[in-house]
Every structure is written in C-alpha cells, then in structure tokens.
2 protein chains.
Amino acid sequence: MSSAFDYLDKNRERHLAELKELLAIPSVSTDSSRAKDVKRAADWVSKRLKKVGCKKVKVVPTERHPIVYGEWLGAPGKPTILVYGHYDVQPADPLELWDTPPFEPTLRDDRIYARGASDDKGQVITHVNALEAHLQNGGCPINVKFLIEGEEEIGSPNLESFIRENKSALACDGVVVSDTAMFSKDLPSICYGLRGLAYLEVHVKGTDRDLHSGSFGGAVVNPANALVQMLSALKDARGRISVPGFYDNVKRLTVSERRAFAALPHSDRKFRRAIGAPELDGESSYSTLERIWARPSLDINGIWGGFTGEGAKTVIPAEASAKISMRLVPHQTPNEIAKKVAGYLKKIAPKSVKLTVRNLHGGETWLTPTDHPTLLAASTAMKRAFGKTPVFVREGGSIPVVATFEKLLRVPTVLMGFGLNDDNLHAPNEKMELSNFYRGMQASAYLMEELGKADDGATQVGQRVRGKRARS
Amino acid sequence: MSSAFDYLDKNRERHLAELKELLAIPSVSTDSSRAKDVKRAADWVSKRLKKVGCKKVKVVPTERHPIVYGEWLGAPGKPTILVYGHYDVQPADPLELWDTPPFEPTLRDDRIYARGASDDKGQVITHVNALEAHLQNGGCPINVKFLIEGEEEIGSPNLESFIRENKSALACDGVVVSDTAMFSKDLPSICYGLRGLAYLEVHVKGTDRDLHSGSFGGAVVNPANALVQMLSALKDARGRISVPGFYDNVKRLTVSERRAFAALPHSDRKFRRAIGAPELDGESSYSTLERIWARPSLDINGIWGGFTGEGAKTVIPAEASAKISMRLVPHQTPNEIAKKVAGYLKKIAPKSVKLTVRNLHGGETWLTPTDHPTLLAASTAMKRAFGKTPVFVREGGSIPVVATFEKLLRVPTVLMGFGLNDDNLHAPNEKMELSNFYRGMQASAYLMEELGKADDGATQVGQRVRGKRARS
C-alpha cells in the first residue's frame, strides 16, 4: 500500500498547483454578484472528481448554489464513507487588511494564503487527492462518496432537503468531515461533540412613538430599560442561566471526561491573551474547556434601541430589541430551550410593554462515542499521518449538518480537521499550513486504508460501523 | 390703558399676516444649507423690533446663527423685563406627513399650521406686538428688552457666553419666556419648576475583537450581557434608582404641592392613551404628575452593540454601549449625579470588561417661588387675558437657559406659555391656536401693565423683583 503514500509525496507540487486553481475562484456564496464564480468552482470540483476516477459525478442545481456529488464504489463488500465539505467561501472584506490579494493564492512561510485555504477548499480537497492516490496505486480499499456543497457559508439552506431526497444514494457507513481545526499545531485532534443552538430575537414595545424623556421620564415604561431588566434576569451572579428548567436535560460531564479535558495542554493565560480579554469569565466551578465544550451558554448577540448617534438626544425610545442565543449541550433541544427562554421572558416582562419573541434559528447538539470503530480508525490514521496520537476534543460551535447526517443517514460522523485555530477563518489573511495540507492527504489515505483493512477486520469494522448508531 | 387692548383687537389681521411672513422663512438652525434663511429670519425680527419702536436693535453674529437684540427703555424708574425667545425652528421632515407645506403657513379650524407656529415664532412675537400696542397708545408702562436667538433648537451653544459678556446690557428685573404649553386648552398655567439633566454615555469593552459565540460562549465576558447587568442594577423593582446617594439632595414635595398637583385636572387614562402606552409605570407611591415634575428619573436613551441586521449572527460583540440620562430635581446637580452614577457603574462593572463613562451633557434644575411678585403679576395678566386664574405647574423637561438667566442675571424667570400640548412641536403639522396667539398678546400687554402699575406699587414690585432672588 505504501505506493499510495509515495504517490502523495511525489505529487505535492501538482496537488498544490491544483489547490491554487480552486482558491483563485472567488466563490463567495453570500454575494449574488459572484454566482457565476460559485458555479465555476462547482464545475472545477466536478471536473476534478471525474479526473480522479469518480463515477456519477454531477453538479446538482439548487435554488441558489449547486451541490457537487461524485462516487467511487469499486470496493464491494467494503465500508463506504461519505466525505462532506464545501467549495464556497466567506466574503474577503475588509480587503485592505489582506497582505496579498485573497483570490491570488500566495505561498509564504510554508503556508498558503487565500480566502478558503483552510475553510474549506484546502481541507476537503485532501480527501479527493487521497482517493486519487489509492486509485493510481491499485485501487481504494473502501468505497468513497463526495458531497461538496456551495452554500455552507450561508447556512446550507438547501442541503437538508437534498440529503432527505437522496438518502439511498448517500447511504454509507460513516461521514467524514474536515472543516475544523486541530487542538494545536503539534496536537492532532478528533472532534466528538458539538454544541447546539437556539437563537431568539426579542422585541419590546412601550408606547406608540418615541417620547421626550423630560416630559415623560419617570411616568412611563422605557422599553430599553425593560429589556435590560429582562435580559439581566436570564443569568445569575455565578454565571448560571436562571431560566427555570434550563438545565433539566443537560448531560453532566463524567469524571473521565473532566479528567481528559484537564489533561489537554490548554492555558487560560494564552487563551485570554489571544483574544485580548482583560479577564476570563463564566459559570463558576467549570474550567474554560468545560465551559466551551460541555456547558450551555447564553449570549446577547446584538442589542439596539433609541438614539445611537453622536451626542445627547433625550428620547424615551418606543421600542428596543435584542438578539440572544443559547449554545446547547446534549440532551437539550433547540425547541425546548427556545420555548423555556421565551416563556420566562414573557413571565418577567412588565405589563407596561408588549413583548414579541421570534425563534430565528436552531441547531441540534451532537455527541458521538469516542470508542466507535470509525473514530478509532480515524485516530489511527491521524496518528500515522501526524506522528502523534490525536486527542479527542469537542467544539463549542455548531455544525448543523452533522446532526442532519446522523438524523437522516443514521451513521456516525468523524470530524477530523486539518486546520489550525490561527488560520484566520472568516477574517483577512486566511491561510493553511502546507504541512497540514500534505499530512491531511496522508491522514485521509490512511483512514481509507484503516477502514478497508484485512477482510475480516474490514467487514467487522464495516458491520460495526453500520450497526452502531452514535448517541446524541 | 384699554386702548392698547383695543389696538390689539383691531390689528389682529395685520399681526397674523406678519406672523405668516416670519413662519414662511425656513429658519432651520440645524440644517447648514438653511443658514441664509436663518439669517433672513433674524433680519425680519430685527426689522420688526425697529418698526415697533425698539432702540439699539442689532443682529449679533455668533459662530453660527445670530442673536437679535432690541430694547425700549422709555419708562425710567419702572421695572425692566427681558423677553427671551427664539426665531429658529426644528427641521420639518418627514415632509410627507404634513397636510400642508410646513413653510406655507395655512389657516384651518382657527389654527395656524406651520413649522415654528408654536415653537417659538408665534409665541415670542406676541410680546413684540404687545409692546407695539402700548407704544401706539401712550407708551409702555415698563421697560422691555428682547433677546431672540437663532440656535435654541441646536442647544443654544452661543447663548450663555453672549449673556455672560453682556450682563449689564441685559440687566433687568425679570425674564419672560413664552416657549411652553398651557396645562390644557382651557387652563392657562405658569411654570415655576424645571427638572435638570445629567446625560452619560457608557461604553463596555470586552475582548479585542468580535468572537464566535460557539467557540467562546460561556468562557468569556460578553460586554452586551455585562452592560445589561449594569444598567439593570441602576433601578430597583419599585422604580427607585439604586445608585447610592442618588436621592441625598432631593427636595421633597411639600404637602401643599402634592395637594396642588392632585387638584389639577389630570387623567392617567387620557395621558396613557395619548401616548399609546399599554400601562403607566414609575416610582411607587407617586402620582404621574409628581413623577414627571418633582421626582428624578433615569432612562436609557439609546443602546447598541453586536449584530443588529436581519437574521441570526452568532457573535459575541467586542463592545456594547448605551446612552443614559437622569432628570434631576432640586437640589440635585448634574455634576454630583453624573459622578455618583458613573462611580456606581464602575463599582459594579465586572473585572472582565473595560468601562468608559463619558459625561455628555448637563442642565441645572430650576424652581422659583410661586409667591414672587413677578409670578403674581404674570398670574393676574394671564387671568385677565384667558378669563381664568392660571394654575402653577412644573415641567419635566429642562430649559437650560432659565437656569443660566438666574445664575448670570440673578433675576426670576416667568414661564408663561401660550402653546398647547397637542401643538405637534418637533413633529409634522405643528400649529398654534389663533385664540392663544391673540390672548397671548393680551396677556403680555397685561403683564406690562401689571408690572408698571401705579407709582408706588410699580416701584415696590420693581424693588421686590430686584431684591428677591429665586431659589433653586
């Protein structure tokens, strides 16, 4: 099998040149004037899948940007993985903060700088190249399907329906996603848990119109004052969320999880400095990693009302609003939490205001067992590629598609990211480490090898993969 | 003396036609493209003062819009009043909500509709016409000075220095201002108290940049959450302001004041309906009029931070801000209160944020004794003009120039307003009741007569006016 890995080493320059081609396409999904570029990127991916040897390659139109699908099913009886990723990118502004133009991929200090380098073009393409390496060297030990969308950066509005309508075509034993970061540059990691999300917009209306604060101040409710009272009542002084029943379904951290988190090389001081925070803050009795990975949170994402210009305007605003969101942990659900928070806000709202709460958005939590054979195979593959046993970590954010895969395809997902936390995702000077690009291809090739290993083992892994469902 | 009043009756049409001329000039002080119109209005007022018989009439340039001054000092030994008013107006937008164009004065239902009709052109001009009536009929019983500025709607930035530099020229026994509303259409009133103002801008900074609420939520301070916690701590559940020492210098309402307020024909139901409030709200144990006129208040005038666009953005904002202001009552002072509130905010701010509090603006409280001879003369004059004894009221708002007059000229101010609460000041379809315009002229002429009455009395009033200083 080693020839596949030799192949990857020998073809580094070409693979990098190809990545540059893809990165040069400004496939900004949110910018409708870039729709043709997005389509161009989809076509590039589709052409590349065909060239690698995929069959049934298609560019499936959606209401906005197409989904690229391709498959190689030349290993009957062996497990099948579905590689999910995205070829669309975030906008590049503010352009003036880029050291080199975002869509002119540039090599510097063993990194490739371009919008999409790490998120997600550079990561998703590693799996395509890994499949190529196997196919050029005797065939791939497992079956591989690719689902590469062009709407991830706008919330994947057409992905779930596509998966739902193509369940049998997408059937597999596990989903592999490389769209996250490693724990640190020297420490590969596999993510086994994601927080969910409940996102509300709160609107408080007082009087019919803005009032003069002199003529009315003290005798009428001020909806901005009412809003801050209500929002401040959502949390207590110890950082706990005060909404009744909020923690009812929270899965408690086990002793071994807390121990595992504590063993990770995390430094609060470095973490704090990296974001320029005067001090860290959060729910008492929990460490930073526990707070981010395994405890729910509540944040005001936006707040507005009244006069916000220069100077002093003495107005009592007629209304005030806020966007608030809760990060959820298993086994909380977005609907349950949205309902509880909205209900509590209604309960504590003064009678003198009209309250409206809109449920804007939700995302399920996700947690998969770390002893699942697919995760163990991924762990071995990462160790072989990076020379170090990966740590199992969680993410504080949400990747809604992971829960969707689990719900619709009933298979586990492996989040094996080749990015780094300082890759500047969604920011100027996005980059990917070239070493991670190369090692990522190797890790993917090793994963295919691990999952396809020895007849008995392979079947066993395949069956176990098929038979066992991740719990969330 | 009755001929002066006959004169006013006979000249109604001409006085109205002249008012229309002034109202047709769009002297919007805040709009720099209207600077020439503002100057035109100043020239119109100056010409009118000259025509009436004033001497030393001048249009005094300031850094922005000129001040018009004029005087008639033909009653030596008699008291002198200084009439203060303004010839500038608020902007007229939104234009589409006006039934007739704001600068084409229109008569309808015994009202004159135009921007500035009530605020303040229609009101200030009554005193000019009253002086004319006396001068055309044997002379004015007192001396009259006019100070009519063009920057009231932009906060009178150049007025205080003008008064300070012209203290001796402006020396007088009392200031008369008609720039407020009567208690109701059928009930003339004289205002004897104004609230003061302390206005702060609060800025809370958390981290160096916006953070992803998934990757960081729960482990770092959210400055928007910190801000709402801090702002909500400023008031308790009973509507009282919780800042330590806030009420230390509050002059308590006397029993007779509470009785007088309670006797006024005020209806909470009508008040509530007029502003479209679901319920009234405020400090417990106080009536609406007490809350507005004689109790301090605290309002959020504006609040902003984070994502305020359409949809859901999962951001922890790096900063959040608010504008808050306190209405003050005697003997609170703006500096004292600004210091106490800022100090309390600093005390309760979490260590994990950087707090900045800026003192944007302040205004002194004002309260004058209702038994002051100048106020009593004004009361008699209003009674003679409106056929009803006026009630003594307070205002919840601030008119900083009143405190300035008191501070620099050391004389009382009479706030005798001829406006109504439904005059649509600062709003579309501003109007003035014609009956109030005519009665206002009479009231002003009566006031001159009252203050100048019978040698002994006049001197006595003059001396008492001069000798007694209003207490605040």
With a point put 7 Å past each Cα toward its Cβ, work out how far A:ALA169 is from A:ASP110 in nm, to one decimal.
4.2
In nm, one decimal, shortest first: how far is the label point of B:LYS347 (7 Å from Cα along Cα to beta carbon) from the matching points in the other copies?
3.2
Taking the convex hull of the alpha carbon atoms in segment A:255-357, what volume per residue do you get, in Å³?
160
Contact order relative to length of chain B, as percent, for alpha carbon pairs under 8 angstrom and 6 or more apart
25
Summing -39500 (n - 2.57) over every DSSP H run of at least 4 residues in chain A and dividing by its residue count gives a helix-only mean residue ellipticity at 222 nm, to the nearest 500 deg cm²/dmol, of -10500 deg cm²/dmol
How far apart, in nm, are two points set 7 Å out from the Cα along the Cα-to-Cβ line at A:ASP208 and at A:GLU160?
4.1
List the distances, in nm to one decimal, from the label point of B:LYS251 to the label points of the same position in every other copy, shortest first, placing each label point 7 Å from Cα along the Cα-to-Cβ direction.
6.7
Qualifying aspartates and glutamates (Cα of each under 20 Å from Cα of B:LYS351; at least 8 residues distant if same chain):
A:ASP236, A:ASP268, A:GLU279, A:ASP281, A:GLU283, A:ASP299, B:GLU201, B:ASP208, B:ASP210, B:GLU319
Taking 0.36 nm per intervening residue step and subtracting the Cα-Cα distance, what contour gain separates A:SER184 from A:GLU336 on full extension?
51.2 nm
Using the Kyte-Doolittle scale, which helices in chain B average at least -1.0 and also have C-alpha atoms spread 30 Å or more along the helix axis, with helices defined as whole DSSP H runs?
none
Over its Cα atoms, what ratio of radius of gyration to 2.2 N^0.38 Å does segment B:98-166 give?
1.46
Evaluate the relative contact order of segment A:1-61 (contact order divided by residue number), counting alpha-carbon pairs under 8 angstrom at least 6 apart; express in whole percent.
20
Other-copy label distances relative to A:ASP9, 7 angstrom Cα-Cβ extension, nm
11.5
Which ordering of A:TYR344, A:TYR247 is given by a fewest-first count of other beta-carbon atoms within 10 Å?
A:TYR247, A:TYR344
Based solely on C-alpha atoms, express the radius of gyration and the Dmax of the protein assembly as shown in angstrom.
37.0, 124
Projected-area mean, segment A:359-406, by convex hull of Cα positions, square nanometres
4.2
Take every residue in peptide B:280-286, count the Cβ atoms of other chains within 10 Å of its Cβ, and give the average of those counts.
4
Spin-label zone in segment B:179-203 - amide nitrogen under 19 Å from a point set 7 Å from the Cα of B:ALA274 along the C-beta vector:
B:179-195
Semi-axis lengths, Å, segment A:278-417, gyration tensor of Cα atoms, sqrt of 5 times eigenvalues:
40, 19, 14
Using the alpha carbons of segment A:206-259, what is the convex hull volume per residue in cubic angstrom, as a whole number?
136
Counted charge near B:ILE292, where neighbours are those whose Cβ lies closer than 9 Å (Asp, Glu -1; Lys, Arg +1)
+3
Given the convex hull of the Cα atoms of segment B:181-291, what is a quarter of its surface area in nm²?
11.3
In the neighbourhood of A:ALA114 defined by beta carbon distances under 9 Å, the net charge of the other residues (Lys, Arg +1; Asp, Glu -1) is +2
Please report, in Å, the Rg and the Dmax of segment B:187-234, where both are computed over Cα atoms only.
20.0, 63
Given the C-alpha atoms of segment B:19-160, compute the convex hull and give its volume per residue in Å³.
108
Viscosity 1.306 mPa s, 10 °C: Kirkwood-radius Stokes-Einstein D of segment B:80-223 over Cα pairs, µm²/s
80
Within straight-line cross-link reach of A:LYS36, lysines at Cα separation under 30 Å, skipping those fewer than 8 residues along the same chain
A:LYS20, A:LYS47, A:LYS50, A:LYS51, A:LYS55, A:LYS56, A:LYS58, A:LYS121, A:LYS145, A:LYS167, A:LYS431, B:LYS313
Note on segment B:167-208: the mean projected area of its alpha-carbon convex hull, in nm², is 7.6
For segment B:27-74, what does the equivalent ellipsoid look like in terms of its semi-axes, each the square root of 5 times an eigenvalue of the Cα gyration tensor, given largest first in whole Å?
23, 10, 6
Kirkwood hydrodynamic radius of segment B:130-188, Cα pairs, Å
14.4
Rounded to two decimals, what is Rg over Rh for chain A when you use alpha-carbon atoms and the Kirkwood radius?
1.01
Can you give me the Rg/Rh ratio for segment B:311-377, using Cα atoms for both radii and the Kirkwood formula for Rh?
1.24
Using the basic label-point model (7 angstrom from Cα toward the beta carbon), what is the A:LEU376 to B:VAL60 distance in nanometres?
9.3
Over the Cα atoms of segment B:1-85, how large are the radius of gyration and the largest Cα-Cα distance (Dmax), in Å?
15.3, 46
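FYI, it's all coordinate maths here, none of it is from the lab. Keep in mind the model is a prediction, meaning the values are calculated, not measured. With ideal geometry, Cβ positions are generated from the backbone for all residues, glycine too; neighbour counts draw on all protein chains shown.
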